[in-house]
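Only one structure is covered here, and it is reproduced in the block below.
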Amino acid sequence: MSNVLHMFPNMGPDEMYLVQNLTKDMTESQAAQFANFYGSRRKDPQLILILTLLGFFGVAGLQRFVLDQIGMGLLYLLTAGLCFIGTIVDLVNYQRLAFEYNQRVAQQVAMMVKASV
């Protein structure tokens, strides 16, 4: 399990706790499989921050598309980030947005890995 955590050096404490809880009952091979799948699907909070900042200078809502929130992405795109207010809110909450997405993905990957036994 500790090998899994070392694969993600930029993981925050909340996300680290989540991954520890999800992988505590897994074998080493399951944990390695989890790390491979989760690592390819998780979103780095810094990427969300950069995409949100692009909303001020270019296309608003990219961060929502990346987080699989297509409806909100379209709304931001068509309303210039809800007149920049939504973009500012996302700028403040970018870490929470990334964590919520990563939490969903981690739970899906853990269920998939445990079901493949």
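Every number in this text was worked out from the coordinates using simple rules, so none of it is lab data. Remember, predicted model here, so these are calculated numbers, not experimental data.
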**Item:** Cα-Cα pairs of the stretch 75-117 separated by more than 12 Å (percent)
**Value:** 67
**Among (1) 45, 21, 12; (2) 32, 13, 10; (3) 36, 23, 13, the entry that matches semi-axes √(5λ) of the Cα gyration tensor in Å as calculated here** = (2)
